[in-house]
Amino acid sequence: MDSVRAVLIDIDGVLTVSWQPLPGAVEALREIRDAGLPVALVTNTTSRTRASIAGTLADAGFAVTAEDILTAPAVTAAYLAERYPGARCALLNSGDIREDLEGVTLVDDTDAEGAGGAGGAGASVDVVVVGGAGPEFTYTALNRAFGHLQRGARLVAMHRNLYWRTKDGLQLDTGAFLAGLERAARTEAEVTGKPSAAFFEAALGRLGVGAGEAVMVGDDIESDVLAAQRAGVTGVLVKTGKYLPETHRSADGTPDHVVDSFADVPSLLGLHRGP
């Protein structure tokens, strides 16, 4: 860990659960900052903007600003601008994230014409953008997206997480619906958030460090930890949030480090707590 110059940190399940801080997380983040290590909070959360996330975390005691946060929507906006400039995009997402989709042309495809299936004219949509799952993922909304895909629209997903943990337990997420859309439309989503390599590259670029100089802390062994390791970043798995022993055992790889919680990360990094 002597070579670590920056820390990438997942939020949900690592620092908080249902936006309530996990034991020792506030203090651990403060200790990492006090040691002079720059941090980036990297999250697939798609229900809130960066500013909203920063405000909620600050209210919970975390010393963070919007500049510390990299979200899947922000990375998606950059991806769409590069790959599909000027594309008309239909967004399926739970929560208002338009502020973080600057420059993206979003169309309202919920009118009667756009709600039709593949047989109707439908709204003119170039890209179906899928964010985080929630009550908005109705049959009508999913079928409307299916219609766009049948008419040739591309499919871009902010992530493919199957579930996340809330105060009420594990809840279904986008991946559970995305797999059905992909199979039905015979297409494959372009994923912009974790576990895509582009997401980690964006985070490293923001911090100005190389992959070998960073560590990634997450509760999702596949999307957070092993994906980071494939990008050359040291991976640390925490046993909080969505962590499940059976998922750990059946994973496609082995984390570089496993700790009980984020409170243990300063010690792992060789930082020493005061008296």
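The values are calculated or read from the model by the stated rules, or taken from the named source; none is laboratory data. For clarity, every value in this text was computed on a predicted model and none was experimentally measured. Please note: Cβ atoms are built from the backbone with ideal geometry, for glycine as well, and neighbour counts cover all protein chains shown. Note: accessible area is taken over every heavy atom of the protein model, side chains too, but ligands, DNA and RNA are not part of it. Shrake-Rupley method; radii C 1.70, N 1.55, O 1.52, S 1.80 Å.
Full extension from Met1 to Ala51: what is 0.36 nm times the residue separation minus their Cα-Cα distance, to one decimal in nm?
Going from the current span to full extension adds 14.9 nm.
Of all the accessible heavy-atom surface of the range 58-100, with the other protein chains kept in place and a 1.4 Å probe, what percent is carbon and sulfur?
Within the range 58-100, the accessible surface is 46 percent carbon and sulfur.
If you roll a 1.4 angstrom probe over the protein chains with everything in place, what fraction of the accessible area of the range 202-271 belongs to carbon and sulfur, to the nearest %?
The nonpolar share, carbon plus sulfur, comes to 46 percent.
Of all the stretches in the chain, which is the longest one without any exposed loop site, taking GluC sites (Glu not before Pro) in a DSSP loop (any state but H, G, I, E, B) with at most 16 other Cβ atoms within 10 Å?
With GluC sites (Glu not before Pro) excluded where exposed in loops, the chain gives 1-101 as its longest stretch.
Would you work out the relative contact order for the chain, in percent, from Cα pairs under 8 angstrom that are 6 or more residues apart?
Normalised by residue count, the contact order of the chain is 22 percent.
Quick one: Kirkwood hydrodynamic radius for the range 1-146, alpha-carbon pairs, angstrom, one decimal?
17.2 Å
How large is the accessible surface per residue of the chain, computed with a 1.4 Å probe and reported in Å² as a whole number?
44 Å²
Sort largest first and round to whole Å: the equivalent ellipsoid semi-axes of the range 58-111, each the square root of five times a Cα gyration tensor eigenvalue.
Sorted largest first and rounded, they come to 26, 15, 7 Å.
What is the ratio of the Cα radius of gyration of the range 149-209 to 2.2 N^0.38 Å, with N the residue count, to two decimals?
Expressed relative to 2.2 N^0.38 Å, the Cα Rg reads 1.38.
Which distance in Å, rounded to a whole number, links the C-alpha centroids of the range 155-216 and the range 219-275?
So the separation of the two Cα centres works out to 17 Å.
So if I place +1 on the C-beta of Lys and Arg and -1 on the C-beta of Asp and Glu, and nothing else carries charge, what would the dipole magnitude of the chain be about its Cα centre? I want it in debye, nearest 20.
Taking the Cα centre of the chain as origin, the dipole is about 320 debye.
Mind jotting down the three principal axis lengths of the range 134-183 based on Cα atoms? Whole angstrom, largest first.
The principal-axis extents, from largest down, are 40, 19, 16 Å.
So what's Rg/Rh here for the range 80-223, counting alpha carbon atoms and using the Kirkwood radius for Rh?
Here Rg/Rh amounts to 1.00.
Work the Kirkwood hydrodynamic radius out for the range 220-275: mean of 1/r over every pair of different alpha-carbon atoms, inverted, in Å.
It works out to 11.9 Å.
How large, in Å, is the range 156-275 by the Kirkwood hydrodynamic radius built from its alpha-carbon pairs?
15.6 Å
Rounded to the nearest 0.05, what FRET efficiency is calculated for Arg33 and Ala179 with R0 set to 35 Å and r the Cβ-Cβ distance?
Calculated value: 0.35.
Show that you can apply the helix-only estimate: for the chain, add -39,500 (n - 2.57) for every DSSP H stretch of four or more residues, divide by all residues, and state [θ] at 222 nm to the nearest 500.
-8500 deg cm²/dmol
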